[in-house]
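Computed from the coordinates by the stated procedures, all read-outs in this text should not be read as laboratory data. Treat the numbers as computed from the prediction; the structure is a model and nothing was measured. Cβ atoms come from the backbone with ideal geometry, glycine included; neighbour counts cover every protein chain shown.
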Amino acid sequence: MLSPAQGEIEIEAGRRVFAPGDEVTGTVHWRLDEAPESVSLRLFWQTQGRGDSDVDVVEEKVVETPGADDRRPFRFRLPEGPYTFSGQLISLLWGLELVAEPAGALAHVEITVSPTGGEVVLRESTAQGE
């Protein structure tokens, strides 16, 4: 159950691993003290690690006439890439984020997007003969 100023993202069947081109479906739910000015659900990827961090919002679903205590279905079609990966210096992560204004971020869920069924792990290459 949600307390004031909270939200949740429920992905169908609790799924967290997807292939490129798959559909991500589910329901978002939020409870606020009063009706927000706006609510949106964002599908995004971001890099983490050394250097600058990049973020790209791939798609955003804006909720029409959101209530203070509301539940809405969602559906996203994943792009062909980039894949979720983890390397020595940088990683790329996918996620869904539920945002209400003026309350801010209410919920966040990480997902994996990969043709292998898991995070792609990049290994440091070694010179031949070592």
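Overview of results
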read-out	value
Members of the stretch 63-97 found to be without any contact (Cβ under 8 Å) to a residue 12 or more places away in the chain and either at negative phi or in contact with a Phe, Trp or Tyr (Cβ under 8 Å, 6 or more places away or on another chain) (or both), listed by number	Glu64
Of residues in the stretch 1-41 being assigned to a loop (DSSP other than H, G, I, E, B) and of a type in the set (Asp, Glu), the one surrounded by the most Cβ atoms within 10 Å (Cβ to Cβ)	Asp22
Thr65 vs. criteria more than 16 Å from Glu37 (Cα to Cα) and not in a strand (DSSP E or B)	no
Output for the stretch 20-68, where each listed residue is acidic (Asp, Glu) and more than 13 Å from Val99 (Cα to Cα)	Asp22, Glu23, Asp33, Glu34, Asp52, Asp54, Asp56, Glu59, Glu64
Set Arg15, Arg31: member being closer than 15 Å to Ala107 by Cα and of a type outside the set (A, V, I, L, M, F, W, C)	Arg31
